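What follows is one structure encoded as structure tokens, with my remarks underneath.
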Amino acid sequence: MTDKCVFIHTNEKQWLGALVSEYSFRRNSANPEQFAVKFIHTRDYPFLSAKEGQTFLRGGTSRVWRMEDLQSFTPLRFLPPTLMNWQGRAVVTDPDVFAVGDVNELLEMDMKGCAVMGRHRSGKDGKRAQVATSVMLLECARLTHWDAENDFDELFRAVKDYKEWMVLGYEDPANIGYLPDCWNDFDHLDGNTRLLHNTKRKTQPWKTGLPVDYTPADKFKGKPLLAQANRLRAKVFGEYGLLGRYREHPDPAQQHFFFGLLKECLLSGHISEELVREEIRKNHVRHDAFEVLDRTPELQARAA
């Protein structure tokens, strides 16, 4: 294996996004031969499905683990050091992250002695130490203590809390560095964006109009009546009942960017029309995807 690799962790529901993401990393690098791009897919890690229907600790409360959730891939973001045999550099990203700039710049960044780098998850007081692990730069030799399967199991024994794990709350702060926000730009696209992250799930451009199929973040801490009402909703109407539909992304440029990449994927054969139609049938992709493709302008020429 190359000593530089981009890992995209994904599941069935976000497979099209992952394929477009893979294409974007190669398309927008001046030297794509200098790194590998690999998928980490939930179907290949049965320790996830083994916990189906069991309760785990998240934000101090019990939640039920569902493989069908849109983000069931998140525990896999801690696997790259193992997959790299604890050697070299890795970048790990969500499947809804798309390269605008050259990822080689990230892979070759001076980590200033840190083992892991990610952007600040929040600018709020008290949360600035939290890391958005949806994009991480990893020095694999320094992360031999990461054990994704064991850490995942500890969520179900209430040894660890999912929310703390996802923001590197159990990592030695001395190991952590912070990336400029442009390397994980949350639903923001401008001339400085290097990696665009369509992180607001309800406005992901390829999902518009579909029924919501993810568990919303629990924001009812300290609001017991609302929390009780939410649990009742899920019990009566199902996990995703009454949650509405995915909305149009508020920034047309971001929709154009995704569908411009998808158009190139189809033209180059990287993605087949049959695959897109199958994803539409599964309700993983908006039903008017081909109409959107027809009216999407071509992207600017790829990086020289």
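With the structure loaded, tell me whether Thr144 is within 23 Å of Val37 (Cβ to Cβ), hydroxyl-bearing (Ser, Thr, Tyr) and not assigned by TED's automatic domain parsing to the domain that holds His284 or whether it fails that test.
No: the conditions fail for Thr144.
Having 1 or more residues that are β-branched (Val, Ile, Thr) and modelled with pLDDT of 95 or more is the bar; report the helices (runs of 4 or more DSSP H) wholly within the stretch 200-304 that clear it. Reasoning before the result, please.
On the way: elements: 224-237, 252-268, 273-281, 289-294.
The helices (runs of 4 or more DSSP H) meeting that bar are 273-281, 289-294.
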Checklist entry - Is it the case that some residue within the stretch 22-36 is within 13 Å of the chain's Cα centre (by Cα), within 20 Å of Asn198 (Cα to Cα) and crowded, with 18+ Cβ neighbours inside 10 Å? => result yes
Checklist entry - Name the residues in the stretch 52-99 that are assigned to a loop (DSSP other than H, G, I, E, B), closer than 30 Å to Leu262 by Cβ and in contact with a Lys or Arg (Cβ under 6 Å, 6 or more places away or on another chain), would you? => result Leu70
Next on the checklist: Checking the structure you have, find out if any residue of the stretch 133-151 is part of a loop (DSSP other than H, G, I, E, B), farther than 30 Å from Asn31 by Cβ and at pLDDT 95 or above.
Outcome noted: yes
Checklist entry - Taking Gln14, is it at negative phi, of a type outside the set (Gly, Ala, Ser) and in a helix (DSSP H, G or I)? => result yes
Checklist entry - Taking the condition closer than 15 Å to Ala174 by Cα and of a type in the set (Val, Ile, Thr), does Val131 pass? => result yes
Item to check | Scope the stretch 17-44; condition farther than 24 Å from Met67 by Cβ, free of Cβ contacts under 8 Å to residues at least 40 places away in the same chain and either touching a helix residue (DSSP H, G or I) at 6+ places or on another chain (Cβ under 7 Å) or among the aliphatic types (A, V, I, L, M) (or both); matching residues | outcome: Arg26, Pro32, Ala36, Val37
Checklist entry - Does Leu261 count as among the aliphatic types (A, V, I, L, M) and over 24 Å from the mean Cα position of the chain (by Cα)? => result no
Item to check | Subset tally (residues that are assigned by TED's automatic domain parsing to the domain that holds Ala132, more than 16 Å from the chain's Cα centre (by Cα) and not charged (D, E, K, R)) for the stretch 171-214 | outcome: 12
Next on the checklist: Just to verify a result, which residue in the stretch 152-170, among those that are within 16 Å of the chain's Cα centre (by Cα) and either small (Gly, Ala, Ser) or outside any helix (DSSP H, G or I) (or both), is surrounded by the fewest Cβ atoms within 10 Å (Cβ to Cβ)?
Outcome noted: Val167
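The values are calculated or read from the model by the stated rules, or taken from the named source; none is laboratory data. Since this is a predicted model, take the numbers as computed values, not measurements. Glycine also receives a Cβ, built like all others from the backbone with ideal geometry; neighbour counts cover every protein chain displayed.
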